[in-house]
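Heads up, the thing below is written out as structure tokens.
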Amino acid sequence: MATLNLTAATPEQEKIKEYLQANASDVLAEKINNGVRITKDGKTLVSKKTLDSFMQYAGSEAKRLAAKGANCACIDDSTVYGWAIHYFEEDSIEGKLYNEDGTEYAPPKPVQKASTPTVPYTPPKPKPEPQLSMFDLLGEQKKEEPKTALTDQPDNHEPVDDADEEPTEEEIAEAMEQEEQTPIPPGTKQPSALYQHYLNIQKQYSDAIVALLVGDYYEVFGENAVKIAKVLDMTLTGRDCGLEERVPMIGFSHHSSESYFNKLVGLGYKLAVAEDITTNNVTVKEPDYRIDEETGEVFPVEEMRKFDGDIEEPKMPAAQTVPHDDNDDDLPPIDTDAYDLEALSILDELFGNTILLR
């Protein structure tokens, strides 16, 4: 394993350096020693991270976990080590920037535009109206003559404005058919193989939060990442998945994954944990209760299965046979199973003996 080019200034930094030296992969060691190339301000720069900059990052993360108004926070070692792996692994977190020749990068100074002196606006003087001739006066009289009505509509009928007419069903169907036949542009970006694999697992476990192991980190994407970041108060980042925009993503180290999994299961979330990006080996972790997202009510799993049909519905009582009227010997007995009992009760209450059902 390569030696990490990190300088520890305090005993705390020395512990983090020892942990990174023992657990960093070859890819992560390459990022720590040589930095990561990024594009900023139209230039290719090298982003290098140090233990000093990590301590600032860890302080901001600790503030997120601390209670409101608290002056300090107690964070366990595994959580801090997970922050360290994430900080040096995630490319979107910038470290100290250098030019490609090794010199320190200085951002360009904003260009100040020279202010233009304000000139007060003076409206032009109105021009005197020309004196009208006799021919001009005759022309004005012709313009003032009333115009004849263009239509013979009655006074109480307003003309129809074609712009306000709603489209017919045929026009709507034709527009939808044209929209479906529109070909996909050839330059449309496709998701990366990793993200497509993640979407396939998410489709298979649509009611669960998928956590995919990528290197040393479990990663969660999309809307679930936004939801977990809010619930667990974690830092929401993004990953380039081959699409037009970066996909929202959160990550946590596999060393501290069980604590995060237990928190999510304890909050009522179902998890689908994928251990390999090349196979469909998925482990499902789910709580013994469910939360109704619409009402917020908590239901035990057995009760939810009852509503889902897993538990047999109660059987209706056997049909009852009511003997017919003694005066009608030729009629068969009444089988109440052929009628809705609730409807029969309502009819009996309304009409009494007026209606006889057979």
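Structural remarks
- Residue that is surrounded by the fewest Cβ atoms within 10 Å (Cβ to Cβ) [pool: residues in segment 94-107 that are among the small types (Gly, Ala, Ser) and on the phi < 0 side of the Ramachandran plot]: ALA106
- Looking only at segment 70-93, residues that are hydrophobic (A, V, I, L, M, F, W, C) and either in a helix (DSSP H, G or I) or open to solvent by 60 Å² or more (accessible area, probe 1.4 Å) (or both) come to 7 in all.
- Conditions (1) in a strand (DSSP E or B); (2) surrounded by fewer than 17 Cβ atoms within 10 Å (Cβ to Cβ); (3) acidic (Asp, Glu); number of the one not met by ASP207: (1)
- Residues that are more than 15 Å from LEU194 (Cβ to Cβ) and modelled with pLDDT under 90, drawn from segment 237-249: GLU244, GLU245
- Test: residue in segment 53-69 that is open to solvent by less than 20 Å² (accessible area, probe 1.4 Å) and under 16 Å from LYS17 (Cα atoms): yes
- Of all the residues in segment 8-33, those that are open to solvent by 80 Å² or more (accessible area, probe 1.4 Å) and closer than 16 Å to HIS255 by Cβ number 2.
- Residue that is surrounded by the fewest Cβ atoms within 10 Å (Cβ to Cβ) [pool: residues in segment 34-52 that are among the hydrophobic types (A, V, I, L, M, F, W, C) and touching a strand residue (DSSP E or B) at 6+ places or on another chain (Cβ under 8 Å)]: ILE38
- Tabulated pairs, segment 234-253, first outside any strand (DSSP E or B), second among the hydrophobic types (A, V, I, L, M, F, W, C), C-beta under 6 angstrom, 6+ apart or interchain: MET234/ILE250; LEU236/ALA229; LEU236/ILE250; CYS241/VAL247
- Subset of segment 49-97 [among the basic types (Lys, Arg) and in contact (Cβ under 8 Å) with a residue 12 or more places away in the chain]: LYS49, ARG64, LYS96
The values are calculated or read from the model by the stated rules, or taken from the named source; none is laboratory data. Everything numeric in this text was worked out from a predicted model, so none of it was measured. Because the Cβ atoms are built from the backbone with ideal geometry, glycine has one as well, and the counts that use them run over all protein chains shown. With ligands, DNA and RNA removed, areas are computed over all heavy atoms of the protein, side chains included. Shrake-Rupley method; radii C 1.70, N 1.55, O 1.52, S 1.80 Å.
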